[in-house]
Amino acid sequence: MHSGLSLSSRRGVLTGLAAGSAALAMPSMAKARRTQTPLKEKAMTAVRYCSQRVGEVDIFYREAGPVDAPVLLLLHGFPTSSHMFRDLLPELANSYRVIAPDLPGFGQTKAPPRGHFDYTFDALAEVIGGFVEALGLNRYALYIFDYGAPVGLRLAMRHPERVSAIVSQNGNAYVEGFSDQWGPWEAYWREPSAKNRDACRPSLAPDMIKNWQYGTGADPSLLSPDGYELDIAYMARPGAEDIQLDLIFDYRSNVGLYPAFQAYFREHRPPLLAVWGRHDPAFVPAGAMAYQSDLPDAEVHLLDAGHFALETHHAEIATLMRDFLRRHISA
């Protein structure tokens, strides 16, 4: 049916309608663009769950962040796993490739049983060194916590050129850092008898994991049961206690290496941030301050937290790390 409008008039009307439609669409398009950015950021910070074969060991690890970003290698402690980094990984993954493996004998890593694998710190460092090689990590910053400290510092001594910086979160490298709670372990180191080995078993008990290791000095309202309940479950697996007792005995080798670790600090001068839960029942704040005796520029922050400081203070630790890493490694 004819409208009675001339061709030029109809074109004018259609042009106006098109312009109006475009104007109406612009807010929707802008909104779509705005929503794409958070989705992209969320994808970048999403944690990936992976496995890497190293010899006879299948290493489970968590990874987040761009694959071409500077690398952070996070090494957990006793009696936990990479699960302890579950809140930290997304906090850092916008700017870094963050990788957190489970050590042999811990978490989801599959390693041979005792008698077929040497559960010592040298062996743990050897496997993690192979893991680093397999992933092609030629340069990385270390986050060392508890058992992760002697493992990570062995890597650093072997390849100092690869370590861009160190974050030590209750990761001890000085005798000054020991509390007065090490009696049964020290007795076992001096005399490795069956009696002294059994005297260390209470360190592996559910109550000790929950209330002593996690609970000491921690705000209970901030302490999720996820961490300690998972660690308790891992400890209940067949053979787990004896693997841990082997590592408890071999911990003496780490103390013997403290002078070598300290010589590494003095010679290679890695930028170091010590973030310490001041209420740690095992490693006291003097262990954090001691880093400055070999690294005068080391930055030390004592938090109102316990041994597992990430459980209650992951946001504060992430903030300190971002500032420190921004100043010392490129991102």
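The values are calculated or read from the model by the stated rules, or taken from the named source; none is laboratory data. Keep in mind the model is a prediction, meaning the values are calculated, not measured. Here Cβ is always computed from backbone atoms with ideal geometry, including for glycine, and neighbour counts include all displayed protein chains.
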Here the residues within the range 34-93 that are part of a loop (DSSP other than H, G, I, E, B) and at pLDDT below 95 are Ala46
Worksheet item: Can you find a residue in the range 205-217 that is touching a strand residue (DSSP E or B) at 6+ places or on another chain (Cβ under 8 Å), surrounded by 11 or more Cβ atoms within 10 Å (Cβ to Cβ) and not in a helix (DSSP H, G or I)?
Response: yes
Considering residues that are assigned to a loop (DSSP other than H, G, I, E, B) and either under 17 Å from Ile248 (Cβ atoms) or free of Cβ contacts under 8 Å to residues at least 40 places away in the same chain (or both), the number found within the range 112-144 is 6
* Asked: Leu222: crowded, with 16+ Cβ neighbours inside 10 Å and either more than 20 Å from the chain's Cα centre (by Cα) or not charged (D, E, K, R) (or both), yes or no?
  -> no
Q.
Condition (residue is touching a Gly at 6+ places or on another chain (Cβ under 6 Å) and buried (at least 20 other Cβ atoms within 10 Å of the Cβ)) applied to the range 116-124: is it met by at least one residue?
A. yes
Here the residues within the range 164-204 that are assigned to a helix (DSSP H, G or I) and among the aromatic types (Phe, Trp, Tyr) are Trp185, Tyr188, Trp189
